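No value in this document is a laboratory result; all are computed from the given coordinates. Worth saying up front: this structure is predicted, and the values here are computed from it rather than measured. Backbone-built Cβ (ideal geometry, glycine too); neighbour counts: all protein chains shown.
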Amino acid sequence: MPERTIVVIDDHGVFAEALELSLSLRGHQVDRLDPGRLASLDALVRAVTHRSAGLVLLDLDLGPLGSGLGAIRPLAAAGTAVLVVTGDDDRARWGECLAAGARGVVHKGVALPDVLRAVRLTLEGRPVHEREERARLLAAAGARRADDGETHRRLQSLSPRERVVLAHLLAGRTVAEVASLETLSVATVRTQVKAVLAKLGVSSQLAAVGLAHRVGWRGPRTTTGIPNRGGKRSRVSTGTELGRSPHS
């Protein structure tokens, strides 16, 4: 029975081409998908299943498609083995990949023979990670989920006005700009910013923004009204939306 196709999905052309060539020279049937040509992760999954791929080498950073993490579970459910090949050093994220059904995770910084070894192990149905390493990665992912749950609770504790302030910070606005847009004094906005930082348990505006980004907090909806930094007019309402974490 002929070997099923290995599909390489990576938005870094040089790396993807090198991997495709190396696998082809070793007798594998290889296809490459450019995520920049696909409309969504759903389209990516359909393209892979259409090729009857036996193995997908998946990058986590898929450019305009965002994180490849969301493609792992549907690919695995379709019977396609997934080996993540990423430049991301976040071990908790590696654990999330394993929890979603990936057979293993390999860093792009390792030597090419190590990547090829992981491919061989995956094709043979053997574990890519030692049992202890896999357990550590899954534990890191579990701890991250617990942290994200606490972050969601902290975000939900913000008052409507504090959510508006945080939404402005997410949009890259300064305290002075927020004060002008909201017709408040700079001192009042600074007090509100301090309240946001205290409730989120962070010490800087940058950390607050990073925390909100990490769990996918989109903040209050925007409607036509006040100008933002790009010169367009938008008005921040006091309703709030908690988006799904990009790592879930």
- prompt: Can you give the relative contact order of the chain as a percent, counting alpha carbon pairs under 8 Å and 6+ residues apart?
  reply: 13
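Starting from 0.36 nm per residue, how many nanometres of slack lie between E177 and R73 once their C-alpha separation is accounted for? It would help to have the intermediate numbers written out before the result.
Working: separation 104, 0.36 × 104 = 37.44 nm, distance 4.26 nm.
In short, 33.2 nm is gained.
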field: Per-residue HN-Hα couplings for the range 68-78 [Karplus 6.51, -1.76, 1.60; θ = phi - 60°; Hz; x = Gly/Pro]
entry: x, 4, x, 8, 5, 4, x, 5, 5, 5, 7
- prompt: Once phi is turned into ³J(HN,Hα) by the Karplus curve 6.51 cos²θ - 1.76 cosθ + 1.60 with θ = phi - 60°, what whole-Hz value does each residue of the range 43-53 show in order, with x for glycine and proline?
  reply: 5, 4, 4, 5, 5, 5, 5, 5, 8, 6, 5
- prompt: Counting only DSSP beta bridges with both residues in the chain, what percent are antiparallel, rounded to the nearest 5?
  reply: 25
- prompt: Label-point separation (nm) for D42 and A195, each offset 7 Å from Cα along Cα-to-Cβ?
  reply: 4.1
message: I need the peptides 22-32, 93-103 ranked by packing, meaning the mean over residues of other C-beta atoms within 10 angstrom, with the highest value on top.
response: 93-103, 22-32
message: Students often check this: by mean Cβ neighbours within 10 Å, which of 114-124, 158-168 ranks highest, and how do the rest follow?
response: 158-168, 114-124
- request: List the residues whose amide H sits under 5 Å from the amide H of D31, counting only those 5 or more places along or on another chain, with H placed 1.01 Å from N in the peptide plane.
  value: I6, V7, V8
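Before rounding to the nearest 500, sum -39500 (n - 2.57) across all DSSP H runs of length at least 4 in the chain and divide by the residue total; then give [θ] at 222 nm in deg cm²/dmol.
Details: 10 runs with 124 residues, N = 248.
About -15500 deg cm²/dmol.
Just subtract the alpha-carbon distance of A99 and L21 from 0.36 nm times their residue separation and send over the number in nm, one decimal.
Working: separation 78, 0.36 × 78 = 28.08 nm, distance 3.00 nm.
That works out to 25.1 nm of additional length.
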statement: Shape call for the range 6-129, from the Cα gyration tensor axes a ≥ b ≥ c (a/c under 1.5 means rounded, otherwise prolate when a/b beats b/c, else oblate), comes out rounded
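How big is the convex hull of the Cα atoms of the chain, per residue, in Å³?
Numbers: hull volume 35.4 nm³, N = 248.
Convex hull of Cα atoms, per residue: 143 Å³.
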query: Hey, rough spin-label estimate for D31 and H107, points 7 angstrom out along Cα→Cβ, what's it come to in nanometres?
result: 3.2
field: Rg over Rh [alpha-carbon atoms, Kirkwood Rh] for the range 38-102
entry: 0.94
query: Amide H to amide H under 5 Å from A102: which residues, 5+ apart in sequence or cross-chain, H placed 1.01 Å off N in plane?
result: none
